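This report refers to the structure that appears directly beneath it.
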Amino acid sequence: MIEFAHIEKSFFGVNVLKDVSLAVKPGQTVGLVGENGAGKSTLMNILGGNVRADAGEMRLDGQPYAPDSPRDAERAGIAFIHQELNLFSTLSIAENLFIGGFPRSRSWLPFINRRQMLQRTRSLLAEVNLPHAPDTLIERLSAGERQLVEIAKALALDARLIILDEPTTSLTARETERLFAILARLRARGLSLIYISHSLDHVLRLCDQIVVLRDGAVVANEPAVRFAMDRLVSLMVGREITQLFPPRAARPTKEVVLDVRDVAQPGIVRGIAFQLCRGEVLGLSGLMGAGRSELARILFGLDPCAAGDIRLEGESIRHLPASERIERGLAFLTEDRRAEGLCPEASIADNVTLVALPRLLRSWLGWLDRPRVAAEVRRMREAVKLTPTARDGQPVKTLSGGNQQKVVLAKWLLQEPKVFLLDEPTRGIDVGARYEVYRLIRQLAARGTGVLLISSEVEELLGMCDRILVMRGGAIRDTIEPHEFDRERILRAALHHGGLA
């Protein structure tokens, strides 16, 4: 159906795609895997009309295909569900689904047929099993629900080829199974799918063919049945990763650095109480909607706290704004790096130094100590192992998702926090970059930083944490000590509707 032949693409003098050739047949699901920066999203952006290739060609149904815009790709029957969701948060679900072309009334006047739009929206939401009214604003939806709206949006286009870039990163296990069922129905109807994911077990389960990109080149293109997990990982990273989680360099102390006392906010969290010690990695588990991210925002001062107290090094910070909490030593890596963690148009250097600017001044006049800024940026780049091909002055939006996450981490590491709140720090990044994030967490803990690690991946919590808290319905339902670590116990506490309540 679609064929890439000898595709080449460069950005800022760096060759990100090198002689890439592959094909997708009608009704076939092709998995596209590789480390962050391997060129996956760039190749799909060429297919989706977001960028043009420097060399090579594409053929759609045997005919030359070179879209000048995403609208051209949509007209050709190609839908692109991006890793970073493209929704208007202040518009309704229905308006987002039809923003590219509203159904018109039958009269000669250019009026929107709202009845038809609402009926079609209800049908699409039922198809993705999302129980919301069509006029619900996007800003009221969770990250997982927004992802389902993106999938409904692709279905609304009646596409023949759907590109899914990390579609399950914001979904619960139940929502993921729902998505897989939808994809199976689409495939049975003859639609072609290109599935990009760092969840390699999903790729092996869903795909007929797997293409592996490394450093912008195709290093494998074979039927999925020929791949095992270990081989897939070694092809992606160019080496074997024998241990997923780095060893612990030190054990946590008994000194409490963050003391949360009966924190409550009506309708969000209630009776939250725990202590985080220096050098401890404390896990926070729970299903989507359990209140984990909301709790982190309350602790950081972004959302209000109606009752209880939050103490950092023995002093209450409950009534302090986020800026003062940062000065006291609190850091927060948010779940949505693009909207809340980065200034995408600004340079790598500007993003890395954003939080630490006040202490990088040369004098009280507000002049920056440029040599020191350059030295600190260089030090942080080395610490997070940012790709060496990126220049300090390069806009951060041009980086891959994994390298963007490293920039966010570098920004906070430069501040040398006492407590680091990490909300899904490895979401949407590959196995190699994950190891680097885990290594940084271990280093932070070894230096005495208290780390609160929020994760939807149970294996990540089991492999990284000293203790695990499980939330459900806005409250902590279980505290699990290391000798009690058990996957089933975590899931039982997250799902159970009685007993622990």
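Nothing in this text is a laboratory measurement; each read-out follows from the coordinates by a stated rule. Note that this is a predicted model, so its numbers are computed, not measured. Positions of Cβ are generated from backbone atoms using ideal geometry, with glycine treated the same way; all protein chains shown enter the neighbour counts.
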In whole Hz, the Karplus estimates of ³J(HN,Hα) for segment 460-473 (6.51, -1.76, 1.60; θ = phi - 60°; x where Gly or Pro) are 5, 5, 5, x, 10, 9, 8, 8, 10, 9, 10, 9, 7, x
In debye to the nearest 20, the charge dipole size for segment 2-237, taken about the Cα centre with +1 at each Lys and Arg Cβ and -1 at each Asp and Glu Cβ, equals 880 debye
Note to self: C-alpha centroids of segment 442-476 and segment 2-36 sit apart, in Å, by 37 Å
Given (i) 62, 58, 46; (ii) 68, 52, 51; (iii) 75, 51, 50 as possible values of Cα extents along the principal axes in Å, the one from the coordinates is (ii)
Phi-derived 3J(HN,Hα) across segment 64-70 with the Karplus relation (6.51, -1.76, 1.60, θ = phi - 60°), rounded Hz, x for Gly and Pro, is x, 9, 8, x, 8, 7, x
Too long for a 27 Å Cα-Cα cut-off, among LYS40/LYS397; LYS9/LYS153; LYS25/LYS397, are LYS9/LYS153; LYS25/LYS397
Segment 337-416: relative contact order from alpha carbon pairs under 8 Å, six or more residues apart, as a whole percent, is 48 percent
Protection proxy (average C-beta count within 10 Å per residue), highest first, orders 222-235, 327-340 as 327-340, 222-235
Ranking ALA76, SER347, VAL218 by how far each Cα lies towards the positive end of the charge dipole of the chain (+1 on Lys and Arg Cβ, -1 on Asp and Glu Cβ), the top one is ALA76
Footprinting proxy, CYS343, CYS305: sorted fewest to most Cβ within 10 Å, the residues are CYS343, CYS305
The residues GLU74, GLU488, GLU127, sorted from fewest to most surrounding Cβ atoms within 10 Å, come out as GLU488, GLU127, GLU74
Amide H neighbours of SER456 at under 5 Å, excluding residues fewer than 5 places away on the same chain, with H built from the backbone geometry, are none
Net charge near ARG52 (other residues with Cβ under 13 Å of its Cβ; Lys, Arg +1; Asp, Glu -1) is -4
Restricting to Cα pairs under 8 Å and 6 or more apart, the percent relative contact order of the chain works out to 16 percent
Mean separation of Cα contacts under 8 Å (at least 6 apart) over the residue count of segment 2-237, i.e. the relative contact order in percent, is 29 percent
Of all DSSP beta bridges with both partners in the chain, the antiparallel percent, nearest 5, is 55 percent
Volume per residue (Å³) of the convex hull spanned by the alpha carbons of segment 337-416 is 88 Å³
Residue-normalised 222 nm signal for the chain, counting each DSSP H run of n ≥ 4 as -39,500 (n - 2.57), nearest 500 deg cm²/dmol, is -9500 deg cm²/dmol
Residues whose modelled amide H sits under 5 Å from the amide H of LEU258, counting only those 5 or more places away in sequence or on another chain, are LEU276, GLU313
Note on segment 33-180: alpha-carbon gyration tensor, axes a ≥ b ≥ c; rule is a/c under 1.5 for rounded, else prolate if a/b larger than b/c, else oblate; result oblate
One finds the C-alpha centres of segment 372-428 and segment 113-170 to be spaced, in Å, by 33 Å
